[in-house]
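The values are calculated or read from the model by the stated rules, or taken from the named source; none is laboratory data. All figures in this text were calculated on a predicted structure; none of them were measured in a lab. All Cβ positions, glycine included, derive from the backbone under ideal geometry; neighbour counts span all protein chains shown. We work out accessible area using only protein heavy atoms, side chains counted, and drop any ligands, DNA or RNA first. Shrake-Rupley method; radii C 1.70, N 1.55, O 1.52, S 1.80 Å.
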Amino acid sequence: LDLLWTRKQDIMYNLFRWPIRKHSKLVVIAIANTMDLPERMLFNRVSSRLGISRLTFQPYTHEELHEIINSRLESTSSFYPEACMLAARKVAAASGDARRALDVCRHAIEIADSEGSDFVTSSHISKSVTDLYQCTKSKAVINGTLLERMLLKSLLAVFRRQGVEEAVLNEVYETFSSLCKFQGVHQPPYNIVMDICTGLGDSRVLLLEPGPVTSHTHIRLNCSQDELVFALKESVNKPSVC
């Protein structure tokens, strides 16, 4: 559905009108990458034609990703077994997205070719993961302060709890407060958290509503969740500067 969205939404309107026409025997099953696409992007005249039944697909485990990768590589012996497993584990730890796992392997082949190697090794996979995940925004997270990273972790937790990739700062602050207590970090006052949020917006890690940041400001990520998860994992060994 994400790719069928247009400003007028006439394509989706017609698509979902077909099943409710008289004597229609058509059933439409729609798939969307955005979990809350009907609420966030569709007009009422379109969303009202959608059924209320939804099935959320859980991320693939590293065993399932490993099986998917191997099934795609049956016709070649250029991948070392440990390279396949590393790709599966890296992607499973970040997102569990099979498409991302195949992208990692595809880019690893390109890296191996550029080096004149006939085989894809674990080092090629590691380089591929770094290339695909470490965009400018990811580097900003990796080099960010401890409080910035904690705020982003809190934002992810709210997304996963609510199933919607948008949150209000006040909701994030509640989770942030709990995380500070859990990790034994001094909790900064609300105005400092708003400043942190503004800074993450200035670095384009977050997308914020226009205007000054308040407790009711709506927040979204300006990168995929798996990119943020990867960046946060990479930042573990960074000095904890508040």
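Here Thr217, Thr175 are screened, and the one residue that is buried (at least 17 other Cβ atoms within 10 Å of the Cβ) and closer than 14 Å to Arg149 by Cβ is Thr175. Considering Thr61, Thr56, the condition of being within 30 Å of Trp18 (Cα to Cα) and among the β-branched types (Val, Ile, Thr) is satisfied by Thr56 alone.
Flag not set for Ile29, criterion: open to solvent by less than 50 Å² (accessible area, probe 1.4 Å) and either more than 24 Å from Ala231 (Cα to Cα) or out of contact with any Pro (no Cβ under 7 Å at 6 or more places or on another chain) (or both).
One residue stands out in the stretch 136-168 among those that are among the acidic types (Asp, Glu) and either over 21 Å from the mean Cα position of the chain (by Cα) or in a loop (DSSP other than H, G, I, E, B) (or both): the one that is modelled with the highest pLDDT, namely Glu166.
Checked against the criteria, Val193 does not count as farther than 29 Å from Leu86 by Cα, surrounded by fewer than 19 Cβ atoms within 10 Å (Cβ to Cβ), of a type in the set (A, V, I, L, M, F, W, C) and in contact (Cβ under 8 Å) with a residue 40 or more places away in the chain.
For the stretch 203-213, which positions are surrounded by 13 or more Cβ atoms within 10 Å (Cβ to Cβ) and more than 21 Å from the chain's Cα centre (by Cα)?
Result: Val213, single match.
Cβ separations smaller than 7 Å between residues 6+ apart or across chains give no pair from the stretch 8-26 residues that are assigned to a loop (DSSP other than H, G, I, E, B) to residues that are modelled with pLDDT under 85 and among the polar types (S, T, N, Q). The single residue among Ser117, Ser95 that is modelled with pLDDT under 95, over 24 Å from the mean Cα position of the chain (by Cα) and hydroxyl-bearing (Ser, Thr, Tyr) turns out to be Ser117.
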